[in-house]
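Heads up: the structure comes next, in structure tokens.
The values are calculated or read from the model by the stated rules, or taken from the named source; none is laboratory data. This one's a predicted model, so the numbers in the text were calculated from it and none came from an experiment. Note that each Cβ is placed from the backbone with ideal geometry, even for glycine, and that neighbours are counted across all protein chains shown. Accessible surface areas use protein heavy atoms only, side chains included; no ligands, DNA or RNA. Shrake-Rupley method; radii C 1.70, N 1.55, O 1.52, S 1.80 Å.
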Amino acid sequence: MQKRSILLYPKVTEKTSKLIETENKIVFVVDKDATKDLIKREFERKFSVKVEKVNLNRTFSGEKIAYIKLKEGGKAQEVATKLKIL
């Protein structure tokens, strides 16, 4: 069985850019079967930052969106820069 990626791609909009700057949150579209705990572990492993909490939301089109809030030591802007979205 092939291992699927949990974090599919970052969601880049005006609203998500503001969340990065003001609330230290980064937004990803994630796999439909992903849980908060799996998303947290995958994000911490991939970007070497600590996650405070994860909130999930589904869109009308069926996408699963994860709002990932980083702990005080982590900088969402640095992660966004690595991903080349800021």
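Since only Val49, Ala76, Leu19 are under comparison, the one whose Cα sits farthest along the positive direction of the charge dipole of the chain, derived from C-beta charges on Lys, Arg, Asp and Glu, is Val49. Whole-Hz Karplus values for the range 28-42 come out as 10, 7, 10, 4, 4, 9, 6, 9, 4, 5, 5, 5, 4, 5, 5 Hz, taken residue by residue from phi with 6.51 cos²θ - 1.76 cosθ + 1.60 and θ = phi - 60°; glycine and proline positions read x.
If R0 is taken as 22 Å, the Cβ-Cβ distance between Glu72 and Lys46 corresponds to a FRET efficiency of 0.65. The charge dipole of the chain, taken about its Cα centre with unit charges on the Cβ of Lys, Arg, Asp and Glu (plus for the first two, minus for the last two), comes to roughly 180 debye. Distance between the pseudo-spin-label points of Ser61 and Lys32 (7 Å out from Cα toward the beta carbon): 1.5 nm. Applying the Karplus relation 6.51 cos²θ - 1.76 cosθ + 1.60 with θ = phi - 60° to the range 17-23 yields 3J(HN,Hα) values of 5, 5, 4, 4, 6, 9, 10 Hz, where x marks Gly and Pro.
Take every pair of alpha-carbon atoms less than 8 Å apart whose residues are at least six positions apart; their mean separation over the length of the range 1-42 yields a relative contact order of 48 percent. Each Cα pair under 8 Å and six or more residues apart adds its separation to the average, and for the range 9-86 the resulting relative contact order is 33 percent. Scalar couplings 3J(HN,Hα) for the range 79-86, obtained by applying the Karplus form with A = 6.51, B = -1.76, C = 1.60 to θ = phi - 60°, are 5, 4, 5, 4, 7, 6, 10, 10 Hz; x denotes Gly and Pro. Going by accessible surface with a 1.4 Å probe and the largest first, Glu52, Glu14, Glu78, Glu42 read Glu14, Glu78, Glu52, Glu42. Taking amide hydrogens as placed 1.01 Å from N in the peptide plane, the amide H of Val51 sits under 5 Å from those of Lys71, each at least 5 positions away in sequence or on another chain. With coordinates expressed along the principal axes, the C-alpha atoms belonging to the chain extend over 36, 28, 22 Å, beginning with the largest.
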